[in-house]
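The values are calculated or read from the model by the stated rules, or taken from the named source; none is laboratory data. This structure is a prediction, so every number in the text was calculated from the model and none was measured. Positions of Cβ are backbone-derived with ideal geometry, glycine not excepted, and every protein chain shown enters the neighbour counts. Surface areas here come from the heavy atoms of the whole protein model, side chains and all, with no ligands, DNA or RNA. Shrake-Rupley method; radii C 1.70, N 1.55, O 1.52, S 1.80 Å.
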Amino acid sequence: MTKPYQPIACALHDKYEIAIMHKKQLRIRWSDDRDEQHAGDVLPKDILVKDKQEFLVADVVGGEAICIRLDKITILEP
């Protein structure tokens, strides 16, 4: 069962928006719907709002497009 969405801090939301505008790659860690952990470099494309939850739409570098709930992401600093 998925935990209720927890809104993220405005400063973190701004970081995603800036990365989208500047086409800046981010190194992130996230958990999927099955609570499996993932890590990698992504190129953020957009933020999507669905059912009062926010998602980062991104391309995995060298892979497919993904959609990750924002409260399941940790940005890893280089």
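Consider GLN6 carefully, then state whether it is in contact with a Lys or Arg (Cβ under 9 Å, 6 or more places away or on another chain) and open to solvent by 90 Å² or more (accessible area, probe 1.4 Å). No: the conditions fail for GLN6.
To keep it simple, each residue is scored yes or no on (1) among the polar types (S, T, N, Q); (2) at pLDDT 95 or above.
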position	(1), (2)
THR2	yes, no
LYS24	no, yes
ASP46	no, yes
GLU54	no, yes
VAL61	no, no
ILE73	no, yes
LEU76	no, no
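Taking the criterion of being open to solvent by 70 Å² or more (accessible area, probe 1.4 Å) and closer than 23 Å to PRO4 by Cβ, the residues of the range 47-67 that qualify are LEU48, VAL49, LYS50, ASP51, LYS52, CYS67. The set of residues from the range 32-71 being under 20 Å from CYS10 (Cβ atoms) and among the polar types (S, T, N, Q) comprises just one member, GLN53. Residues of the range 20-31 that are open to solvent by 50 Å² or more (accessible area, probe 1.4 Å) and within 9 Å of the chain's Cα centre (by Cα): ARG29 alone. Residues in the range 32-39 include at least one that is surrounded by 12 or more Cβ atoms within 10 Å (Cβ to Cβ) and over 18 Å from PRO4 (Cβ atoms).
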